[in-house]
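Take a look at the structure below.
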Amino acid sequence: MESLVSRTGETVAPRVVTRFREQLHGELLTPGDREYDAARQIWNAMIDRRPALIARCTRREDVQYAVAFAREHDLLLSIRGGGHNIAGLAICDGGLTIDLSRMKAVDVDGARKTARAQGGVTWGEFDRNTQSHGLATTGGAVSTTGIAGLTLGGGFGWLMSRYGYTIDNLLSADVALADGRLVTASEEENPDLFWALRGGGGNFGVVTSFEYRLHDVAQLLSGVIAHPLNRLPQLLAFYRDFVSSTPDELTLYAASMSLPTGDRVCALLPVWCGDLAEGERRLAPVRAFGSPLFDTVQPQPYVAVQTMLDAAVPYGRHNYWKSSFLRDVPDEAAAVLADYAQRSTSPYSLMLLEHVHGAPTRVPRDATAFSIRGQLFHCIAIASWDPGDDAAPHVAWARELWSAVQPWSAGRVYGNILGYDESSRLREAYGENYERLARLKAVFDPSNLFRVNQNISPATAVGPQHHGSSAIGTATGKRNTGVESL
């Protein structure tokens, strides 16, 4: 085994690591172990990091022990749930990665319409379990995404317009804290921690299980309506005007993308969650717009809808994303987006536009740590390319597209899509809630053990540190991003 060195330069004796290994119910992998290289691979293949230790936990006590080990030996600590984070924050260099991917239990209570799932579950796995009861909750747009990262960052998804963000459906969370305790956070128990978890990312502990509110979800009306790429300015103008009066039951995205044939197209992607006959009527204008190349909209089960974009963002490619919320998409902005879509540097790259409306916008901005609650357009430049390609032109395309739409920016960003080089935008993610988050960080993780994330630095001046108390102190001090450059 290679030498394990703390962040202060002290060597951790091999016998100490051996004792750690013996205490775990799961596996402890080190460089040289047969499964090590596979275990450190994550969705974004652009990220190539080598933890000194990977603790494959199988129960919450494993997580508790691993957190204590990292704290006692001053190790850099990262947490892997689904491993889908664009910045690659599931994996660290030279430290300890707590890997939850073996923690897969999902318990659905059909009578209460709730589900409890462990932190290594993906949305595809979660949905298959809940849909066997005819139930679902808001859960991303790609089935391979982990429930943990998406939930802790806010939680956009196909059902959000009707049922709110994922965090709006979170009932409780079991958490391993930096001080070694295992606690439950909910509106009734540790409410400040619960508030912070709903949008604050991995800054406050390791969530070993999540309890969600579920909803009756049967057949949805969904599919892809594709048009020639040169029609994108007109499509975006139609999209902008149509979503201005969209009902809660409809979530509608606009995109530029490639077909499996390699042909570049623009597209509308509707998901209707409600009465199907009403959905057919509501979607008629969307389907009648222009002269589509094809229209695959049809009644589908939710598990099929959740895989609609899987093929567009598979494991194994290199990815660099850049996003902003836009106040509006006037004709000038539509022309800019169309220009960059035409100049895409990779057949795998996408431009995606999501509209926030309905249920999420009726929740007060200070009700959860994630505070983006207005009717906005979420614009994402998704640069994706083969591992053998030069990254520079693809990264430049995403950055330039993002810069070009800044005249219409609302000055906010979705924390789940912040890149490895965007720690300076952290306050855009939290807005007016940042100061309270910094104070709570000082309460629950004063030493910033959980720093390999979009990091909120602990406030340097706080009052009495009572867990579960109301937000206290004054947020000051400099931010430690904890995000390494590639």
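The values are calculated or read from the model by the stated rules, or taken from the named source; none is laboratory data. Quick caveat: nothing in here was measured; it's all calculated off a predicted structure. As a convention, Cβ positions derive from the backbone with ideal geometry for all residues, glycine included, and neighbour counts pool all protein chains shown. For the accessible areas, the whole protein counts, side chains as well, though only heavy atoms, and no ligand, DNA or RNA atoms are used. Shrake-Rupley method; radii C 1.70, N 1.55, O 1.52, S 1.80 Å.
Scanning the range 354-384 for residues that are surrounded by fewer than 23 Cβ atoms within 10 Å (Cβ to Cβ) and hydrophobic (A, V, I, L, M, F, W, C) yields 356, 359, 363, 367, 376, 380. Here the range 134-175 is the region considered, the condition is being within 15 Å of the chain's Cα centre (by Cα) and of a type in the set (Phe, Trp, Tyr), and the residue that is farthest from residue 368 (Cα to Cα) is 158. So for the range 19-28 (the condition being small (Gly, Ala, Ser), touching a residue at least 60 places away in the same chain (Cβ under 8 Å) and within 25 Å of residue 319 (Cβ to Cβ)), does at least one residue qualify? Among the residues of the range 19-28, not one is small (Gly, Ala, Ser), touching a residue at least 60 places away in the same chain (Cβ under 8 Å) and within 25 Å of residue 319 (Cβ to Cβ), which makes the answer no. Every condition in (1) closer than 30 Å to residue 328 by Cβ; (2) assigned to a loop (DSSP other than H, G, I, E, B) holds for residue 144 except the one numbered (1). Among residues belonging to the range 250-302 that are farther than 23 Å from residue 375 by Cβ and aromatic (Phe, Trp, Tyr), point out the one that is most open to solvent (accessible area, probe 1.4 Å). If we take residues in the range 250-302 being farther than 23 Å from residue 375 by Cβ and aromatic (Phe, Trp, Tyr), then 294 is most open to solvent (accessible area, probe 1.4 Å). Scanning the range 52-68 for residues that are assigned to a helix (DSSP H, G or I) and open to solvent by less than 10 Å² (accessible area, probe 1.4 Å) returns 62, 63, 66, 67. If you go through the range 303-312 one residue at a time, do you hit one that is surrounded by fewer than 19 Cβ atoms within 10 Å (Cβ to Cβ), of a type outside the set (Val, Ile, Thr) and in contact with a Ser or Thr (Cβ under 6 Å, 6 or more places away or on another chain)? Yes, some residue in the range 303-312 is surrounded by fewer than 19 Cβ atoms within 10 Å (Cβ to Cβ), of a type outside the set (Val, Ile, Thr) and in contact with a Ser or Thr (Cβ under 6 Å, 6 or more places away or on another chain).
None of 194, 210 is open to solvent by less than 20 Å² (accessible area, probe 1.4 Å), modelled with pLDDT of 95 or more, under 30 Å from residue 179 (Cβ atoms) and out of contact with any helix residue (DSSP H, G or I) (no Cβ under 9 Å at 6 or more places or on another chain) except 194. Within the range 408-430, residues that are over 16 Å from residue 200 (Cα atoms) and modelled with pLDDT under 95 reach no partner that is of a type in the set (S, T, N, Q) and open to solvent by less than 20 Å² (accessible area, probe 1.4 Å) with beta carbons closer than 6 Å at six or more positions or on different chains. Go through the residues of the range 143-151 one by one and say whether even a single one is on the phi < 0 side of the Ramachandran plot, among the hydroxyl-bearing types (Ser, Thr, Tyr), free of Cβ contacts under 8 Å to residues at least 24 places away in the same chain and open to solvent by 20 Å² or more (accessible area, probe 1.4 Å). No.
Taking residue 203, is it in a loop (DSSP other than H, G, I, E, B) and not aliphatic (A, V, I, L, M)? Write out each step before concluding.
Numbers: in a loop (DSSP other than H, G, I, E, B): yes; not aliphatic (A, V, I, L, M): yes.
Yes, satisfied.
Taking the condition buried (at least 22 other Cβ atoms within 10 Å of the Cβ) and in contact with a strand residue (DSSP E or B) (Cβ under 7 Å, 6 or more places away or on another chain), does residue 459 pass? Yes; evaluated as a whole, the condition is true for this residue. Scan the range 234-273 for residues that are touching a strand residue (DSSP E or B) at 6+ places or on another chain (Cβ under 8 Å) and free of Cβ contacts under 8 Å to residues at least 40 places away in the same chain and the total you get is 2. Considered as a group, the residues in the range 173-184 that are more than 10 Å from residue 207 (Cα to Cα) and open to solvent by less than 30 Å² (accessible area, probe 1.4 Å) include one that is modelled with the highest pLDDT, and that residue is 178.
Rundown of residues vs (1) part of a loop (DSSP other than H, G, I, E, B); (2) of a type in the set (Phe, Trp, Tyr), yes/no style:
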| residue | (1), (2) |
| --- | --- |
| 357 | yes, no |
| 367 | yes, no |
| 372 | yes, no |
| 378 | no, no |
| 381 | no, no |
| 394 | no, no |
| 398 | no, no |
| 402 | no, yes |
| 431 | no, no |
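The lone criterion from (1) open to solvent by 10 Å² or more (accessible area, probe 1.4 Å); (2) at pLDDT 95 or above; (3) farther than 12 Å from residue 289 by Cα left unmet by residue 238 is number (3). For beta carbons closer than 6 Å, sequence separation of 6+ or different chains, a first residue in the range 274-300 that is within 16 Å of residue 238 (Cβ to Cβ) and assigned to a helix (DSSP H, G or I) and a second that is open to solvent by 50 Å² or more (accessible area, probe 1.4 Å) and at pLDDT 95 or above, the qualifying pairs are 287/295.
Conditions (1) open to solvent by 10 Å² or more (accessible area, probe 1.4 Å); (2) among the β-branched types (Val, Ile, Thr); (3) farther than 26 Å from residue 4 by Cβ, marked per residue:
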site: 80; (1), (2), (3): yes, no, no
site: 87; (1), (2), (3): no, no, no
site: 94; (1), (2), (3): yes, no, no
site: 128; (1), (2), (3): yes, no, yes
site: 136; (1), (2), (3): no, no, yes
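Between 49, 34, 21, 15, the distinction of being open to solvent by less than 60 Å² (accessible area, probe 1.4 Å) and charged (D, E, K, R) belongs to 49 only.
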